[in-house]
Amino acid sequence: MGRWPTGSRERLQQAALALFVEKGFDQTSVSDIASRAGVTERTFYRQFGEKREVLFDGGESLQLAITEHLSTSPADERPLEAAEHALVHAATELFSDRLPFARKRQSVIDANPELQERELLKMASLVDAIRDSLASRHVPETASRLAAEMGVAAFKVAFGRWIDPANDRSLADLIRDCLDEMRDVAAH
């Protein structure tokens, strides 16, 4: 399974994030990022197609972790529980050591409407991947779509809680809590 970036890729990501926070996303050039990371622009472009990709690099790893987990989940597991277990698995595997990065990354996204749109597209793609994975297990279309939408909605709310500076809980625990709250809301 893919993990978060390492080596020059990680240096570029850290340099870019620091510059985006300091100067703003639009005011930071690829040249600035490469210089801060101590590499050439050519090296940057070997790692990333453009500067936005620095912030969205983990999306494929997240989607892969979730869909791989779904593909091995028990056939009799209910769709929402399967989505929950896959999301919790991905949170544990990919986010346990990423909190400082995630907080800074989100502050950059929150300050830029273009990046907010890209984040929404990433979440929509995640919904589709979960839905397709559930459908491949012969879960009916409506149940697949609802479980995927509910799971990603819980993930988004949990993520917002996780990056809150007052939070001291894991993303996995917060995902479970959000889905429990969702079930409670649906029950009433």
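The values are calculated or read from the model by the stated rules, or taken from the named source; none is laboratory data. Computed from a predicted structure; not experimentally measured. We place every Cβ from the backbone using ideal geometry, glycine too, and count neighbours over all the protein chains shown. Accessible surface areas use protein heavy atoms only, side chains included; no ligands, DNA or RNA. Shrake-Rupley method; radii C 1.70, N 1.55, O 1.52, S 1.80 Å.
Could you give each residue of the stretch 107-119 its phi-based ³J(HN,Hα) in whole Hz, using Karplus coefficients 6.51, -1.76, 1.60 with θ = phi - 60°, and x for Gly or Pro?
Listing the rounded values in order: 5, 5, 5, 4, 8, 9, x, 4, 6, 4, 4, 4, 5 Hz.
Give me P(r) over the stretch 137-182, computed from all C-alpha to C-alpha distances, binned every 10 Å, as integer percentages.
Calculated P(r), rounded to whole percents: 29, 42, 21, 7, 0.
Bin width 10 Å, origin at 0, all Cα-Cα pairs of the stretch 47-138: what percent of pairs per bin?
15, 43, 30, 11, 1
Regarding the stretch 98-179, what's the average projected area of the Cα-atom convex hull, expressed in nm²?
Numbers: hull surface 23.3 nm².
The number I arrive at for the stretch 98-179 is 5.8 nm².
Once R0 is set to 25 Å, what does the formula 1/(1 + (r/R0)^6) return for the Cβ-Cβ distance between Ala143 and Arg52, expressed as a FRET efficiency to the nearest 0.05?
After rounding, the FRET efficiency stands at 0.15.
Over all pairs of distinct alpha carbons, what does the Kirkwood formula give as the hydrodynamic radius of the chain, in Å?
One over the average 1/r among Cα pairs gives 17.5 Å for the chain.
Quick one: 3J(HN,Hα) in Hz for the stretch 14-21, Karplus 6.51/-1.76/1.60 with θ = phi - 60°, rounded, Gly and Pro as x.
With the stated coefficients, the stretch 14-21 comes to 5, 5, 4, 4, 4, 5, 4, 5 Hz.
With the cut-off at 15 Å, report for the stretch 8-97 the share of all Cα pairs above it, as a whole percent.
Value for the stretch 8-97: 64 percent of Cα pairs lie more than 15 Å apart.
How would you order 14-24, 71-81 from highest to lowest mean count of nearby Cβ atoms within 10 Å?
Values: 14-24: 18.1, 71-81: 13.3.
Final packing ranking: 14-24, 71-81.
How much accessible area per residue does the chain have, in Å², with a 1.4 Å probe?
Per-residue accessible area for the chain comes out at 51 Å².
Express the carbon and sulfur contribution to the solvent-accessible surface of the chain as a percent, rounded to the nearest whole number, probe 1.4 angstrom.
On the way: 4920 of 9650 Å².
So the carbon and sulfur contribution to the accessible surface is 51 percent.
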